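To keep things clear, I will list the structure first and then write my remarks on it.
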Amino acid sequence: MPRSQSDSANKNNGDVLYSISHQFTLRTRPIVYLLDRNIVSLIRSVNAGKVPADDNQRRMFEWLRTSDKKENFFSPMTSLAEGNQKGIMSGEQFRAVILSESASIGTFFKHARTDNQFFDQMVDTFCSFPIGLNETPYADYIRFLKTVSPLIVDTVSVRRRESVRDSIINEAIARGIVPSHPVVMCCLSILYGSDVSRRVLKPSEALKKDEWHNAFSDIQIVSRLGQFASIGPDVDFVFMTMDKALREFVDFFTVTGARSSTDNPASRTAMIEIAANIKFDIFPELSEQQILELRQLLVDAGKRLSNRDDEM
């Protein structure tokens, strides 16, 4: 049976108790606010003399202004990783985006710290290994979404869910994608009734190239937060966006650790192993027991992928 609202509340009891028992605890770790592309666009618009267009933008603008304090740090890193080309950027395109967006952030904030100066000095080095994915894995993720998306465009009947679930997991393994990757979890959660994940992916049989890129870039925020955590383990990275569905999707995941396969976790060849807790709410139509069974299924599928790679 799907979980009721009371069941969901009970499962979050640990989170609730944690926040109550720590409500007077002062935060001691520095925070870096990572700005989504929609916020960077708002900042650029305001810098150009335009006023926020709607209530959502006005609320974000007010928050940005009141948060313009010396103890805060703002970065466009997540926006830079997405880019403005609706696909993989060349080194020159990436360089132009870095200089433009970091300058906009530096102009907007009068008191808060930004990475504008860092990018001014290190742009050539930094754009030689853009944070994100190199072309081959990126193409595999996009192909995965194109193959799986038609299976979950419409609500899948309970009778067919097991078959569709297996198709999603098998396609991930065929593409060399870890079955517990957020892009796979997003598709599975849509299968099991998540409206949040559906609003992020917007599954369709005929999305345009830029729409696939946008959807994947949004989902990939979870992995990028893990990548940033591996670079700065003593810093809290907080993702900021005006996209309510994306904010809720990212909140399904809590990165608890990240480990790089190289000494330079920012390099484009680095593989980041991310440990994350995932809220049960990502699967609203599954019982707790069914979620545990799905988790074991994903663990077993991950072993299949690992064994396959070892044999290659």
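The values are calculated or read from the model by the stated rules, or taken from the named source; none is laboratory data. Quantities reported herein were computed from a predicted structural model and do not represent experimental measurements. Positions of Cβ are generated from backbone atoms using ideal geometry, with glycine treated the same way; all protein chains shown enter the neighbour counts. Each accessible area value is taken on the protein alone, full model and side chains, heavy atoms only, with ligands, DNA and RNA left out. Shrake-Rupley method; radii C 1.70, N 1.55, O 1.52, S 1.80 Å.
Of note:
- Placing a label point 7 Å from the Cα of Arg199 along the Cα-to-Cβ direction, the residues of region 241-256 with a backbone N closer than 11 Å are 243-249.
- Ordered from highest to lowest accessible area with the whole protein assembly present and a 1.4 Å probe, Arg65, Arg198 read as Arg65, Arg198.
- Estimated from the Cβ-Cβ distance and a Förster radius of 35 angstrom, the FRET efficiency linking Arg295 and Lys146 is about 0.85.
- Extension gain (nm, one decimal) between Asp55 and Ala206, 0.36 nm per residue minus Cα-Cα: 51.2 nm
- Cross-link pairs beyond the 24 Å C-alpha cut-off, checked among Lys50/Lys110; Lys202/Lys244; Lys244/Lys279; Lys69/Lys279: Lys69/Lys279
- Dimensions of region 146-213 based on its C-alpha atoms, expressed as ranges along the principal axes with the largest first, amount to 32, 26, 19 Å.
- For Ser194, net neighbour charge (Lys/Arg +1, Asp/Glu -1) across residues whose Cβ lies under 10 Å away: -2
- In this Cβ point-charge picture (+1 for Lys and Arg, -1 for Asp and Glu), region 161-222 has a dipole of about 60 debye about its Cα centre.
- Under 13 Å, Cβ to Cβ, from Ala112 - net charge with Lys/Arg +1 and Asp/Glu -1: +2
- The stretch between Glu285 and Ile31, if pulled fully straight at 0.36 nm per residue, gains 88.0 nm over its current Cα-Cα span.
- Here the simple spin-label model places points 7 Å from the Cα toward Cβ, and for Gln93 and Asn277 these points are separated by 3.9 nm.
- Note on region 196-237: Cα-Cα pairs beyond 18 Å make up 41% of the total pair count.
- Placing R0 at 25 angstrom, the Cβ-Cβ distance between Glu62 and Thr254 gives a FRET efficiency of 0.35 after rounding to 0.05.
- Solvent accessible area, Å² - Ser167, 1.4 Å probe, full protein context: 50
- The heavy atoms of Trp63 present about 70 square angstrom of accessible area, all protein chains included, probe 1.4 Å.
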